[in-house]
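Nothing in this text is a laboratory measurement; each read-out follows from the coordinates by a stated rule. Keep in mind that what you see is a predicted model, and the values were worked out from it rather than measured. Counting neighbours? That spans all protein chains shown, and the Cβs are built from the backbone with ideal geometry, glycine included.
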Amino acid sequence: MSTYLGEDLLPGVETLTAEQRRGAACVWCETTLQPGIDDVDLGARHATRTGPAWFPRGCRRCCYGRDDR
Ligand SMILES: [Zn+2]
């Protein structure tokens, strides 16, 4: 599952943990994700002049409002 959210819909990268930045945990609720199983890829963010690349992922509950496996 993959979707791309605008920057304004994501939490600020500076507020996230290392796990959230590399896509190992939901960017909203910090739930640990299982890649390819319950994660939703929100679109990789490239490195900028002010920060490194990061890889936002969310859990299904936060992205869709429900768990549907
Ligand atoms: Zn979540």
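The residue among Gly65, Val13, Gly51 whose Cα reaches farthest toward the positive pole of the charge dipole of the chain, with charges on the beta-carbon of Lys, Arg, Asp and Glu, is Gly51.
Here is the list for the stretch 1-46: trypsin sites (Lys or Arg not before Pro) lying in DSSP coil, each with at most 16 other C-beta atoms within 10 angstrom of its C-beta, are Arg22. Note: relative contact order over the chain, using C-alpha pairs below 8 Å and six or more positions apart, is 32 percent.
With only Lys, Arg, Asp and Glu charged, each at its Cβ (+1 for the first two, -1 for the last two), find how big the charge dipole of the chain is about the Cα centre; round to the nearest 20 debye.
Values: 9 positive and 10 negative charges, 21 e Å.
The calculation lands at about 100 debye.
Annotation: the chain has a Kirkwood hydrodynamic radius of 12.0 angstrom, from the mean reciprocal C-alpha pair distance.
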